[in-house]
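Notes for the one structure printed next.
The values are calculated or read from the model by the stated rules, or taken from the named source; none is laboratory data. Worth saying up front: this structure is predicted, and the values here are computed from it rather than measured. Cβ atoms come from the backbone with ideal geometry, glycine included; neighbour counts cover every protein chain shown. Accessible surface areas use protein heavy atoms only, side chains included; no ligands, DNA or RNA. Shrake-Rupley method; radii C 1.70, N 1.55, O 1.52, S 1.80 Å.
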Amino acid sequence: MHGTCLIAKLLTLPRSTALVSARLRQCSCYYTTSGCRMASPAGVANKTTKISSEIISQLGKPPKMRENPAIKKVDSAEFHSIFTPELEALVAMFKKYDYELRIAGGAVRDILMNIKPKDIDFATTATPEQMKEMFGKEEVRLINAKGEKHGTITPRIHNKENFEVTTLRIDVRTDGRHADVVFTTDWQLDANRRDLTINSMFLGFDGTVYDYFYGYEDLQQRRVVFVGDADVRIKEDYLRILRYFRFYGRIAERPDCHDKATLAAIKANAEGLARISGERIWAELQKIVVGNFNRELILEMNNCGLLQQCGLPIHPNLEEFERVCVDLKHFHEPHYPILYLIGLLHSSEQAMKLHERLKLSAYERDLALFITQQRERVNSEYVCLRDYQKLCLQPYAKRDYVEQLLKYANKLELFAQLKEWQMPSLPINGNTLKPYGLAGKQVGVVLNELRLLWADSDFTLSAEQLLEKMPAILEQLPSPNKKQRTE
């Protein structure tokens, strides 16, 4: 096994088995809280090696692993672009206190794909307590203490840039959502607990790429697979099912090159998504539906029995969804992710069930309701530009909803016309109607009727001409005082 011996810091393990917890308590070597690292006695080294094998056995079958993980050096523009004065100061601090620090996960993957990373995560051999002591001595302010229980410390360097630095760790036990962690100094063990091989690499600040599980080869082949046993990786966090599909859309070159064993593990664990919060599911699902191979990936997810766990119907409207995916390509991106999911729904009731599961925003919920209620009227009640202009004037509609309806219905020319339309101002308002003795909601009802008449005139009727229509509108108002007002 590559790397230094395991030095575990035992945390509270409420979900661990008594056997594993006891063994860890017997064999763990604790960090001191001082800045220096103590050498481990030979007896401790033997015991920690035993811990490592026990923990790995919990993680499923050992994955294929390199003897020497340092596979290459990068010297690209994308790599050099990350070096700010603040990052260089951070690296210097860890070097000063003799702690290892590397770039981890997605940023490494992006750099190897010649993509400038947007977010950079860091991994270190220092424990949270050691980092807090180090940053305290260097008078560096720490923010966001919420991540500390999982080993993440966030220093703000030069009061300008924040960095998330996480201690190497092992997820000993999980319930499919949360993990009990043990800290380590073994880079391979930390890589082993990550989800996908392409996300399990590290990058040193001299450009050295450390790849324990052949993630580099998988990246070159655009292959998306879990580290080791897919079933075990998924059970550690069921959200990894959706992360798999998201990264497949980002990495793969073809829509149909899934690893069969991976899909089998996903299908077997589909019900585990029920344990994941709607917000987390929606965060991943949004990226899938607006990414590459969105149509094919959603169909594959349906084959795996995932959609109903995400709040979508048991029998989704796949034909309509496929049409929407094809038609939206005629319009400029980006598109609202909810627009794709609406195609899978049969009714507004299903839109509300989707909202209840995913905790959609108010805009997303209302847009889903609007389109599911109005789409059947396209080509019958809504035909020309005037029809959609009038729809914009309805109290239950917003102009953006109407524009999204036109995109959904693949009305490219009408969409362009409505986007160019400058809505004029109605020449009358509520104050104009005061002499008619209207009360409460009646004012809004009358104004809406006047707007529609105004739209029918191509927005040319003046205030005086609109007021001439008042007797007919008042006649239709359901009110006990209607006759008196008409007279």
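Which numbered condition trips up Arg223, out of (1) under 21 Å from the mean Cα position of the chain (by Cα); (2) touching a residue at least 24 places away in the same chain (Cβ under 8 Å); (3) under 23 Å from Gly105 (Cα atoms)?
Of everything listed in (1) under 21 Å from the mean Cα position of the chain (by Cα); (2) touching a residue at least 24 places away in the same chain (Cβ under 8 Å); (3) under 23 Å from Gly105 (Cα atoms), Arg223 misses just condition (1).
Residue by residue through the range 133-152, note down the ones that are more than 24 Å from the chain's Cα centre (by Cα) and open to solvent by less than 70 Å² (accessible area, probe 1.4 Å).
Those that are more than 24 Å from the chain's Cα centre (by Cα) and open to solvent by less than 70 Å² (accessible area, probe 1.4 Å): Glu133, Met134, Phe135, Gly136, Glu138, Val140, Leu142.
Every residue in the range 347-373 that is in contact with a Ser or Thr (Cβ under 6 Å, 6 or more places away or on another chain) and either under 17 Å from Arg399 (Cα atoms) or at pLDDT below 95 (or both), please.
Hits for the range 347-373 are Leu369, Thr372, Gln373.
Give Leu360, Leu369 a once-over and let me know the one that is outside any helix (DSSP H, G or I) and within 27 Å of the chain's Cα centre (by Cα).
Details: Leu369 fails: outside any helix (DSSP H, G or I).
The conditions single out Leu360.
Run down Leu358, Leu328, Leu354 and say which single residue is among the aliphatic types (A, V, I, L, M), touching a residue at least 40 places away in the same chain (Cβ under 8 Å), touching a Phe, Trp or Tyr at 6+ places or on another chain (Cβ under 6 Å) and open to solvent by less than 40 Å² (accessible area, probe 1.4 Å). Show your work before the answer.
Numbers: Leu328 fails: touching a Phe, Trp or Tyr at 6+ places or on another chain (Cβ under 6 Å); Leu354 fails: touching a Phe, Trp or Tyr at 6+ places or on another chain (Cβ under 6 Å).
Answer to the selection: Leu358.
Collect the residues in the range 460-480 that are of a type in the set (A, V, I, L, M, F, W, C) and either farther than 23 Å from Tyr396 by Cα or open to solvent by 30 Å² or more (accessible area, probe 1.4 Å) (or both), keeping them in residue-number order.
Leu461, Ala463, Leu467, Ala472
Report every pair of residues separated by at least 6 positions or lying on different chains whose Cβ atoms are under 9 Å apart, first residue within the range 396-412 and in contact (Cβ under 8 Å) with a residue 40 or more places away in the chain, second part of a helix (DSSP H, G or I) and open to solvent by 50 Å² or more (accessible area, probe 1.4 Å).
What qualifies is Lys407/His330; Asn410/Arg323; Asn410/Val326; Asn410/His330; Leu412/His330.
Kindly indicate the residue of the range 194-241 that is over 29 Å from Ala77 (Cα atoms), in a helix (DSSP H, G or I) and in contact with a strand residue (DSSP E or B) (Cβ under 7 Å, 6 or more places away or on another chain) and also least open to solvent (accessible area, probe 1.4 Å) among those meeting that condition.
Per the criteria, the residue is Arg233.
Are any of the residues in the range 431-443 within 48 Å of the chain's Cα centre (by Cα), farther than 30 Å from Phe321 by Cα and part of a loop (DSSP other than H, G, I, E, B)?
Within the range 431-443, one or more residues are within 48 Å of the chain's Cα centre (by Cα), farther than 30 Å from Phe321 by Cα and part of a loop (DSSP other than H, G, I, E, B).
I'm trying to understand the selection: among the residues of the range 417-438, which are of a type in the set (Gly, Ala, Ser) and surrounded by 12 or more Cβ atoms within 10 Å (Cβ to Cβ)? Even if it seems obvious, please write down each step before you answer.
So in the range 417-438, the residues of a type in the set (Gly, Ala, Ser) come out as 425, 430, 437.
Answer for the range 417-438, where residues must be of a type in the set (Gly, Ala, Ser) and surrounded by 12 or more Cβ atoms within 10 Å (Cβ to Cβ): just Gly437.
Quickly run through the range 153-168 and pick out the residues that are open to solvent by less than 30 Å² (accessible area, probe 1.4 Å), assigned to a strand (DSSP E or B), within 22 Å of Asp180 (Cβ to Cβ) and not polar (S, T, N, Q).
Ile153, Val165
Looking at this structure, is Asp387 more than 21 Å from Asn302 (Cβ to Cβ), among the charged types (D, E, K, R), out of contact with any helix residue (DSSP H, G or I) (no Cβ under 8 Å at 6 or more places or on another chain) and without any contact (Cβ under 8 Å) to a residue 60 or more places away in the chain?
When the stated conditions are applied, Asp387 passes them.
Which one of these is surrounded by fewer than 12 Cβ atoms within 10 Å (Cβ to Cβ) and at pLDDT 95 or above: Glu376, Glu403?
Of the residues listed, the single one that is surrounded by fewer than 12 Cβ atoms within 10 Å (Cβ to Cβ) and at pLDDT 95 or above is Glu376.
Could you grab me the full set of residues in the range 80-132 that are over 29 Å from the mean Cα position of the chain (by Cα), open to solvent by 60 Å² or more (accessible area, probe 1.4 Å) and either farther than 19 Å from Phe202 by Cα or free of Cβ contacts under 8 Å to residues at least 12 places away in the same chain (or both)?
If the condition is that a residue be over 29 Å from the mean Cα position of the chain (by Cα), open to solvent by 60 Å² or more (accessible area, probe 1.4 Å) and either farther than 19 Å from Phe202 by Cα or free of Cβ contacts under 8 Å to residues at least 12 places away in the same chain (or both), then Pro85, Glu88, Lys95, Lys96, Glu129, Lys132 are the ones that fit.
Give the residue that is surrounded by the most Cβ atoms within 10 Å (Cβ to Cβ), with candidates limited to residues of the range 379-400 that are of a type outside the set (A, V, I, L, M, F, W, C) and within 21 Å of Leu328 (Cβ to Cβ). Don't jump to the end; show me each part of the working.
Looking only at the range 379-400, we keep the residues that are of a type outside the set (A, V, I, L, M, F, W, C), and these are 379-382, 386-390, 394-396, 398-400.
Restricting the remaining residues to those that are within 21 Å of Leu328 (Cβ to Cβ) gives 379, 382, 388, 398-400.
Numbers: Asn379: 10, Tyr382: 21, Tyr388: 23, Lys398: 15, Arg399: 16, Asp400: 13.
The qualifying residue surrounded by the most Cβ atoms within 10 Å (Cβ to Cβ) is Tyr388.
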